[in-house]
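Reviewing the structure listed below.
What follows is calculated from the coordinates using simple rules that are stated; it is not laboratory data. Everything quoted here is computed from the prediction, not taken from an experiment.
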Amino acid sequence: MTLHEAIRLVLLKNGVAMYAKEIAYQINKQNLYSRNDGEPVPPSQIEARIKNYEKDFYKSGNKIFLKEYNLDSVIDEQLRSAIR
């Protein structure tokens, strides 16, 4: 998994905008991405990556958002799953 895919996954799983520090913590805790040097992903690497993927992410204040994220669609899907 690439780092930007891991960032996307964390944001989708949590369903809210998050700080880079929170995203890095989740990625490292869940071993979603490993660096070549074996070190944990620092928040600064999250910040740099979202700048390179402006089509996927944006920042407001210090929080990182997923552009495709739509809370209503996630809630609708959760409701459909609960009903099934």
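Straight-line cross-link reach from LYS55 at under 22 Å between alpha-carbon atoms covers these lysines, not counting any fewer than eight positions away in the same chain: LYS13, LYS21, LYS63, LYS67. Alpha-carbon geometry of the stretch 1-74: the Rg and the Dmax are 11.5, 40 Å, given in that order.
Close amide H pairs (under 5 Å, H built 1.01 Å from N) link MET18 with ILE64, residues at least 5 positions away or on another chain.
The phi-based Karplus calculation (6.51 cos²θ - 1.76 cosθ + 1.60; θ = phi - 60°) puts the 3J(HN,Hα) values of the stretch 2-19 at 7, 5, 5, 5, 5, 4, 4, 4, 4, 5, 5, 4, 7, x, 9, 5, 9, 7 Hz, whole numbers, x for Gly and Pro.
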